[in-house]
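What follows is a short report on a single structure.
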Amino acid sequence: MPLDPARLRALFPAFSEPALAGQAFFENAGGSYTAQAVLDRLDRFYRASKVQPYGVYPASIEGGEAMNLAFDRMAAAFNVGADWIHFGPSTSANTYVLANAFAGWLKPGDAIIVTNQDHEANTGNWRRLARHGIEVREWAVDRQTGRLSLAALDALLDEKVRLVAAPHCSNVVGEINPVAEIATRVHAMGAVLVIDGVSYAPHGIPDLKALGADIYMFSAYKVYGPHQGVMAIRPELAAALPNQGHYFNDAKLRYRLTPAGPDHAQIAACAGIADYLEQVAALAGDDGAGSNPFRRAHAAMRAQEIALARPLFDFLRTRNDVRIIGPDDPELRAPTIALHHAEPGIEIARRLAKHGIMASGGNFYAVRLLEALGIDPLNHGVLRLSFVHYTSPEEIQGLIRALDAEL
């Protein structure tokens, strides 16, 4: 593995917290542990600059500068300009505001494409545009594999389509969708591509220029940060969408699509996400991924997770009593692994907790997906095991032992 687990875990206070000792965290898809670099920035803001920012006195100036730094640092991680970056209270709230903005941008008779692979936040809000006379087309998953095929997308695309919303990877299926190829197809039709990166970004914030999405969203609290939603939006598109904020802020990109008053301290703390990724890059050293620390961090995190996932999938393939949702090749997916069993997922998770395994079961707001896969989303659901690069090999082995005992 390219990263030393002990050195990684030293960057997270949770791993020295007595209350968490002996507990292996396998619910990272619901929210990861917070890096010390983030907590340091949050603490500094609350101690020294918890005043109205962007004023004329020193504490206010410091607060504004700390927030501006977060825009700059997140932009650097995405390989875009700071004018791409928007912060909101959550990705669900950000998507809700975006859909309302697009309701005023689209025209009756226009078409949009959504998937049934998504978390409800990136499908339900768009589907409601049907109320405005927008045609909603569903890019449906394969009922056996949960996969979204490009051929199925091609069959839906035509000159009426103005927007396509899809996940970078599903929070249940886990397969990494070919976003760059999707973007090429969508842009060829003159449409906008919105990508929900909530389930992918914890495994490495992508190079948005290479990816090609017009809008990319993720939840900072799942990427080792505070509870904020982060959106990267093509500036020309952000300026063209109807203003969702106060009328007198119409010319300010940062205010147009995040109408709620921002959490100043948490925005400032998001700069710590970039700090942490640079720490990961330093631990990875010269791994052949180039000089950009965010690309090095991405490469090292993915390689680490793939190595960790291999023994788990080797074990799961030996079981004929569980259905692995999505591919069983760790190179093709994020390590968010959903299992369908004869027993409801939450019941298995409850027994795993007795072994010190923190996991969960349910539908994870992917109700449409589970229905498509023939799984009762409300009364049965799946067991979900999700980990990230800071998970240790010993924790993986402990999970395997617990599963062997409880499945």
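The Cα center of the range 197-225 and the Cα center of the range 265-286 differ in position by 14 Å. For the range 312-372, the relative contact order is 22 percent, taking Cα pairs closer than 8 Å that sit 6 or more residues apart in sequence and dividing their mean separation by the residue count.
Could you state the number of Å between the C-alpha centres of the range 135-193 and the range 337-407? So the separation of the two Cα centres works out to 27 Å. Of all DSSP beta bridges confined to the chain, the antiparallel ones make up roughly 50%. Residues whose amide H comes within less than 5 Å of that of ALA24, counting only those at least five positions distant or on another chain, are ILE357, MET358 (H built at 1.01 Å from N in the peptide plane). Amide H contacts under 5 Å for TYR224: SER32, restricted to partners 5 or more places along the chain or on a different chain, H placed in the peptide plane at 1.01 Å from N.
Straight-line cross-link partners of LYS354 among the lysines, defined as a Cα under 30 Å from its Cα and at least 8 positions apart when in the same chain: LYS222. Membrane-span-like helices in the chain, defined here as complete DSSP H runs extending at least 27 Å along the helix axis by their C-alpha atoms with mean Kyte-Doolittle hydropathy no lower than -1.0, are 58-78, 293-316; this is a sequence and geometry rule, not a statement about a membrane.
Give me the percent of accessible area attributable to carbon and sulfur for the chain, probe 1.4 angstrom.
After summing per-atom areas, the C and S share lands at 52 percent.
Annotation: lysines with alpha-carbon distance below 24 angstrom to LYS50 (same-chain offsets under eight excluded): LYS252.
Under 5 Å between amide hydrogens, built in the peptide plane, is the criterion, and for SER386 it picks out GLU27, ASN28, ALA29, ILE337 among residues at least 5 positions away or on other chains.
Heavy-atom accessible area for TYR96, with the other protein chains in place and a 1.4 Å probe, reaches approximately 130 Å².
What is the ratio of the Cα radius of gyration of the range 41-274 to 2.2 N^0.38 Å, with N the residue count, to two decimals? Mind showing how you got there, number by number?
Working: Rg = 18.0 Å, N = 234, 2.2 N^0.38 = 17.5 Å.
Dividing the Cα Rg of the range 41-274 by 2.2 N^0.38 Å gives 1.03.
Return one whole number: the accessible area per residue of the chain in Å², for a 1.4 Å probe.
Values: 15960 Å² over 407 residues.
I get 39 Å² per residue for the chain.
The values are calculated or read from the model by the stated rules, or taken from the named source; none is laboratory data. What you see is a predicted model, and the numbers here were worked out from it, not measured in a lab. We work out accessible area using only protein heavy atoms, side chains counted, and drop any ligands, DNA or RNA first. Shrake-Rupley method; radii C 1.70, N 1.55, O 1.52, S 1.80 Å.
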